[in-house]
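I have a structure here, written as structure tokens, and I will follow up with some questions on it.
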Amino acid sequence: MSELPNSSKERKKYLDAAKGWGITMVVFGHITSLGNPIDLWFAAYKIPIFFIVSGYLLCMRQSFRKMSASQYIWKHFKSLMIPYFGYSAIVMLYNMLVCLMKGTGRAQMYSKFVYQAYTTLSLRGISALWFLPALFFAQVIFILVMKAKSNLVRIASGILSVVITVYTSDTLLPMLKAMLTERQYKIVSFPILAVSKGILGFWFIGAGYLCFMLFSKIKERNLRFVIGAVMFVATIFLSQRNLHVDINLLRIGDSHLMFYINGILGSMGTILVLEYLEKWWKMTYLEFAGKNSLIIMATHGTLGFKVLVIKGWKAIYTLSETAGPRYYLECTGILAELMLIECGVVSIINQYFPWLTGKFKKKTKRGSIHGETEKPFEGRAGQS
């Protein structure tokens with residue numbers, strides 16, 4: 001029988017590839033504008049897969065046990081929140097420059113600046129930047145729960161996170177929207193959304209942690225692949241039964257149970273299938289996209305690249321108004337062009353602005369020769 005290698009220290013290509021598939025689904029979903037089966041399938045697990053991979057890796061590595069809660073939180077603040085505020089500042093500056101070039105009135109410019117500033121400070125996030133605070137909150141909750149060293153606390157936190165998420169999605173947010181004006185609703189709901197998505201993310205991190213414990217007991221590679229393939233295919237069909245999933249707006253679909261099931265099935269199915277395929281498939285694109293998923297998440301929509309490519313595609317070619325094979329093919333072409341642009345963005349940021357990926361050079365040690373420094377800090381965005 002073919003068994004899995006027992007090394008947990010080396011970087012796992014299939015986990016990078018899983019994140020790469022996740023960010024590909026995210027970008028594709030931002031390109032499509034029609035309700036269709038592909039959107040429903042991707043929406044079922046394109047965000048949970050990042051949390052699941054994080055929990056899977058945390059259980060595999062167990063490195064968090066060597067850190068205090070404050071050290072762990074600070075590490076993730078540097079790798080997630082500093083890039084979050086950095087990208088937000090760049091986006092706000094970019095939008096102001098665009099407004100100046102377009103001759104936008106001062107009042108409108110000021111209003112847009114204030115709105116984006118509050119969106120940033122409330123941790124709601126401009127466009128897809130919302131994901132960074134959500135992942136940070138999820139990681140903070142995770143370490144606090146794990147440091148409690150009580151199985152009762154862990155079980156209770158898992159149940160409570162579901163209760164809070166469902167209540168916020170189904171009751172609290174609709175109630176606030178009915179009671180408040182649109183402006184008041186945004187002011188109140190933005191921080192609620194930020195924290196609630198972090199709580200939701202914590203649940204999936206915990207699920208990923210438990211999934212590693214469970215599947216690590218299955219050593220036979222072929223069996224793991226079969227299980228993964230069944231889970232992956234099942235998600236395609238089950239996702240069609242749960243409409244209106246949009247984690248950005250904390251919409252978890254018509255069937256909450258199906259939402260959580262699909263998130264696990266799709267994510268773990270992807271992980272197990274890619275784990276099996278990496279023996280024969282280099283997965284160059286998926287690995288690249290996964291390693292740089294933070295950059296792609298933060299820039300593909302906020303700086304206008306997505307809109308630019310979509311409008312360019314429409315002007316040069318065409319874009320169907322009916323969901324079907326032609327429409328999916330056209331959206332895939334737009335995706336390919338957008339990712340080519342992102343390759344350049346990734347190269348520039350990694351070379352000249354590594355702090356936007358959560359990597360920082362350590363201070364030069366006293367007595368070092370010619371001011372040499374240690375290797376940059378490997379932030380969360382660059383790990384798998």
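Could you tell me the number of lysine pairs in region 252-356 with C-alpha atoms less than 29 Å from each other, where the two lysines are 8 or more residues apart or belong to different chains? Mind showing how you got there, number by number?
On the way: 279/291; 282/291; 282/306; 291/306; 291/311; 306/314.
Close lysine pairs found across region 252-356: 6.
With charges only on Cβ, +1 for K and R and -1 for D and E, what is the dipole size of region 13-382 about its Cα centre, in debye, rounded to 20?
1280
Using the Cβ atoms and a cut-off under 13 Å, what net charge is assigned to the surroundings of residue 255, where Lys and Arg are +1 and Asp and Glu are -1?
Taking every other residue near residue 255 into account, the sum is 0.
Over the Cα atoms of the chain, what Rg and Dmax result, in angstrom?
21.2, 70
Hey, got the Cα dimensions of region 210-265 along the principal axes, in Å, largest first?
On the principal axes, region 210-265 reaches 39, 22, 16 Å in Cα extent.
Can I ask one more? Report the normalised scattering of region 215-358 as log10 I(q)/I(0) at q = 0.17 Å⁻¹, calculated by the Debye formula with identical scatterers on the alpha carbons.
-1.27
Mean separation of Cα pairs under 8 Å and 6+ residues apart, divided by the residue count of the chain: what relative contact order is that in percent?
Relative contact order, the chain: 31 percent.
Go through 235, 283, 123 and say which Cα lies farthest out towards the positive end of the charge dipole of region 13-382; charges sit on Cβ, +1 for Lys and Arg, -1 for Asp and Glu.
123
Here is a further query. At most 11 other C-beta atoms within 10 Å and a DSSP loop state: those are the exposed GluC sites (Glu not before Pro) I care about. Give me the longest piece of the chain that has none. Could the numbers behind the result be given before it?
Numbers: sites that count: 10, 321, 372, 374.
Here the longest run is 11-320.
Rounded to the nearest 500 deg cm²/dmol, what is the calculated helix-only ellipticity per residue at 222 nm for the chain, with -39500 (n - 2.57) per DSSP H run of length n ≥ 4?
My calculation for the chain gives -22000 deg cm²/dmol from helical runs alone.
Check which residues have an amide H placed less than 5 Å from residue 252's amide H, if you skip close sequence neighbours.
It is 246, by chain and number.
Can I ask one more? For region 275-284, in order, what is each residue's ³J(HN,Hα) by Karplus, 6.51 cos²θ - 1.76 cosθ + 1.60 with θ = phi - 60°, in whole Hz (x at glycine and Pro)?
Rounded to whole hertz, the list is 4, 6, 6, 5, 5, 10, 10, 5, 6, 4.
Each reported figure results from applying straightforward, stated rules to the coordinates on display, with no laboratory input. None of the values given here were measured: they were computed from a predicted structure. So basically every Cβ, Gly included, is an ideal-geometry build from the backbone, and we count neighbours across all protein chains shown.
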